[in-house]
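Since the structure comes first, as structure tokens, the remarks are kept for the end.
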Amino acid sequence: MRRFDLLRSCGVLAAGLALVGCPEPPPPCATHDDCGELQFCADETFCLDVFDRTYDITMVEATVPATGTTGGPWDPEDSSDPDMIAVFGIPAVFDENDEIVEPEEAVQTSVLDDTTNPMWNEGGEVTFRQGRAFTINLFDFEGDGTATFMGGWIWETDEALVQLVRQLGEDQIVGSGSFSTTFRIDPPR
Ligand SMILES: [Ca+2]
């Protein structure tokens with residue numbers, strides 16, 4: 001696991017420039033319960049805020065039913081399994097006129113053809129924001145460049161996101177019906 005490196009050489013700097021302010025070190029902790037409700041205990045060492053922080057998110061794999069929603073093959077044209085892509089990130093926020101007030105932040109995996117059990121092991125960076133949701137959605141990529149929604153998950157509350165971050169570095173599995181996906185949130189770079 002990557003180590004957090006927030007304290008850097010501040011102590012040395014402060015010794016040489018005694019009047020220059022040095023940021024307060026984060027509060028120490030042994031478990032998440034030692035930290036504030038919107039914080040997590042990093043490396044069992046110090047408390048960090050969950051939000052306004054960028055994480056590495058890896059889509060490990062997904063499992064979907066053998067047949068599509070109509071009971072037939074996902075790809076009726078050639079009776080093949082779906083060509084799967086995962087899209088995850090922070091959904092856009094709209095105002096009452098359906099105008100975007102906050103743009104989405106989305107990352108997608110590559111497309112894995114003809115499989116109901118794609119093992120991507122790839123992902124990207126997402127910045128969690130207080131008051132914003134996090135989603136993972138699975139799509140069947142079509143030959144014409146469009147994609148058909150298959151299923152997905154949403155974490156809507158700050159508390160739900162705090163719980164995700166508090167499982168930093170562990171494989172996390174979510175499922176509903178015969179859909180499931182495994183993903184991992186790693187410490188920020
Ligand atoms: Ca296919």
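The values are calculated or read from the model by the stated rules, or taken from the named source; none is laboratory data. Nothing here was measured: the structure is a model prediction, and the numbers come from that model. Neighbour counts are summed over all protein chains in view; Cβ atoms, including those assigned to glycine, are modelled from backbone coordinates with ideal geometry.
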Per the filter on the range 121-143, residues surrounded by 16 or more Cβ atoms within 10 Å (Cβ to Cβ) and within 16 Å of the ligand (Cβ to nearest atom) are Leu138, Phe139, Asp140, Phe141
Tell me yes or no: at least one residue of the range 102-112 is in contact with a Pro (Cβ under 7 Å, 6 or more places away or on another chain) and touching a residue at least 40 places away in the same chain (Cβ under 8 Å).
no
Take the conditions loosely packed, with under 14 Cβ neighbours inside 10 Å and at pLDDT 95 or above and apply them to Thr157. Does it pass?
yes
Filter the range 57-67 for residues that are part of a loop (DSSP other than H, G, I, E, B) and either touching a residue at least 24 places away in the same chain (Cβ under 8 Å) or hydrophobic (A, V, I, L, M, F, W, C) (or both); the one that is surrounded by the fewest Cβ atoms within 10 Å (Cβ to Cβ) is Ala66
Reported set for the range 89-111 where residues are loosely packed, with under 13 Cβ neighbours inside 10 Å and in a strand (DSSP E or B) is Phe94, Ile100, Val101
Screening Asp114, Asp78, Asp83 for residues that are surrounded by 16 or more Cβ atoms within 10 Å (Cβ to Cβ), within 16 Å of the ligand (Cβ to nearest atom) and either under 17 Å from Leu138 (Cβ atoms) or not aliphatic (A, V, I, L, M) (or both) leaves only Asp83
